[in-house]
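Below: the structure, in structure tokens.
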Amino acid sequence: MQRTLIIFKPDCLQRRLVGSILQRCEAKGLRIVALKLIRVDRAMAERHYAEHQGKPFFEGLIAFITSAPVIVGVLEGNEAIAVLRNLLGATNGVVAAPGTIRGDFSISKQNNLVHGSDSPESAARELALWFRPEELVDYTIAGEEWVSAGS
Ligand code: IDP
Ligand code: MG
């Protein structure tokens, strides 16, 4: 089992798409380990997007992610990091494949609705950045073997 960070970005909440997108994640077989609604401050945004510091879109990205509340969460499942990235589709909503979240709901490079960790290293860094260990909830979920057996 693997864990990945998900952020429902401000456009996702403003467009009332959180439920539709979380539904796709749950239907796929990912389960919620943590979830919280927060307003991101500039320092947190800069830490999360540190790898993009200096890029032309950086300032706009920080302004966007701090502009309105987000929902940040942790999802768990077989190959959760790659599974979520595949559900999201390409970064740019203009070219993201239909059937993916960005392909179906986004037509922007920046306002692409959802963040997902891009590697095990990123997931570990991002989980530690956004959540205290006690916020990650362990529990059993009915029927899990029907979803995840045989991985
Ligand atoms: P990712 O979210 O698919 O991993 P990254 O390249 O890590 O994409 O970029 C982080 C975020 O920065 C993107 O999700 C998007 O919101 C924004 N972004 C990336 N490239 C551009 C761009 O060229 N113009 C505007 N915003 C961008
Ligand atoms: Mg990225």
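Set the Förster distance to 35 Å, then compute FRET efficiency between Ser148 and Leu37 from the Cβ-Cβ distance, nearest 0.05. Efficiency at R0 = 35 Å is approximately 0.80.
Sparse packing (at most 13 other Cβ atoms within 10 Å of the Cβ) combined with a DSSP loop state is found for the following chymotrypsin sites (Phe, Trp or Tyr not before Pro) in the range 11-83: Phe57.
Only Lys, Arg, Asp and Glu carry charge here, each on its Cβ (+1 for the first two, -1 for the last two); on that basis the range 16-106 has a dipole of about 160 debye about its Cα centre.
Kindly express, to the nearest 10 degrees and within the range 0 to 90, the angle between helix 18-28's C-alpha long axis and the longest C-alpha principal axis of the chain. The two axes meet at around 40 degrees. Note that the range 48-62 has calculated 3J(HN,Hα) couplings of 4, 9, 3, 5, 9, 3, x, 6, x, 8, 4, 4, x, 5, 5 Hz, one per residue in order, obtained from phi through the Karplus relation 6.51 cos²θ - 1.76 cosθ + 1.60 (θ = phi - 60°); glycine and proline are x.
Tell me, what is the Rg over Rh of the chain, with Rh the Kirkwood radius over Cα pairs? Radius of gyration over Kirkwood radius for the chain works out to 0.95. Comparing Gly99, Gly116, Ala80 along the charge dipole axis of the range 41-116, the residue lying farthest to the positive side is Gly99, per the Cβ-charge model. Please give the net charge around Gly73, taking every other residue with its beta carbon less than 13 angstrom from that of Gly73, where Lys and Arg add +1 and Asp and Glu add -1. Overall, the nearby charge balance is 0. Think of it as helices only: each DSSP H run of n ≥ 4 in the chain is worth -39500 (n - 2.57), and spread over all residues that comes to -10500 deg cm²/dmol at 222 nm.
Read the figures in this text as sums done on the coordinates, not as results from a lab. Note that the structure is predicted; figures quoted are calculated from it, not measured. Here the Cβ is made from the backbone with ideal geometry for all residues, glycine too, and neighbour counts use every protein chain on show.
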